[in-house]
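S.K.: Sharing a structure with you now.
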Amino acid sequence: MSDGLCVESCERCPALVESRSRIVDGVGPADADLLFLGEAPGQQEDEGGEPFIGRSGDVLDEALRDAGLARSDVRITNCVRCRPPENRDPHKEELANCRSYLEREIEAVDPELVVTLGKVPSEHLLDRDVAVTKEAGDVTDARVGDRSQRVLISVHPAATLYDASQRDTFADAIARAAELAGVADGESGQSRLGDY
Ligand code: URA
């Protein structure tokens, strides 16, 4: 890892070393106000080398646009940087193995707000059970390394593909994140997180 943002090589998780084509690092500005955190790369991300470029990525991009943001305005990364076999959830040990990379990335970017996309990233960062549908849009604090990080919980964009009732929940969470970080269209760039 050179600048805290890229992992050049890693062999910590034998199953993932086997299943990946490449390590998929986060993308977006190194000083972004908003950092979106997914679970792990899927097939398209593994092939393309960028987080959220498949169908879930299309949903995320659309919600960002609706909130007045471009994909290039935000940082997007995953809890685990290598594609798990058969797209299974990352195991606890794999999440733990990748944690130091995530912590260094969050520390380097120092975002106003991290948005956790779905159950796995929400529970990983908050270190508790999270009912994402119920808690979507909630703002809370997480301990990330030796810092306290403001976090907004969201459902995963893929949830909207399986369950249409999640579309508004997802769009509302992203719009709220943009508003709170002060980066939505017409905003002053002034974070409103001081109130939370
Ligand atoms: N789902 C994720 O959680 N991350 C990706 O990068 C793609 C899909």
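Coordinate-derived values only; no laboratory data. This one's a predicted model, so the numbers in the text were calculated from it and none came from an experiment. Neighbour counts are summed over all protein chains in view; Cβ atoms, including those assigned to glycine, are modelled from backbone coordinates with ideal geometry.
S.K.: Can you tell me the FRET efficiency between N87 and E62 if r is taken as the Cβ-Cβ distance and R0 is 25 Å, rounded to the nearest 0.05?
M.R.: That gives a FRET efficiency of 0.70.
S.K.: Tally Lys/Arg at +1 and Asp/Glu at -1 over every other residue whose Cβ is under 14 Å from the Cβ of D3; what's the total?
M.R.: Surrounding charge for D3 is -4.
S.K.: Note the full-extension length gain between D172 and A70 as 0.36 nm times their separation in residues minus their Cα-Cα distance, in nm to one decimal.
M.R.: 35.1 nm
S.K.: Would you compute, from DSSP H runs of 4+ residues alone, the mean residue ellipticity of the chain at 222 nm, taking -39500 (n - 2.57) per run and dividing by the full residue count, rounded to the nearest 500?
M.R.: So the calculated ellipticity at 222 nm is -10500 deg cm²/dmol.
S.K.: Give a residue-ordered list of calculated ³J(HN,Hα) values for the stretch 60-67 (Karplus: 6.51 cos²θ - 1.76 cosθ + 1.60, θ = phi - 60°; whole Hz; x for Gly, Pro).
M.R.: Rounded to whole hertz, the list is 4, 4, 5, 5, 5, 4, 4, 8.
S.K.: Put +1 on the Cβ of every Lys and Arg and -1 on every Asp and Glu Cβ in the chain; which of G118, L37, F170 then has its Cα farthest towards the positive end of the dipole?
M.R.: G118
S.K.: Another question, if that's okay. Could you compute the net charge surrounding G57? Neighbours are other residues with a C-beta less than 9 Å from the C-beta of G57; K and R count +1, D and E count -1.
M.R.: Around G57, the charge tally is -2.
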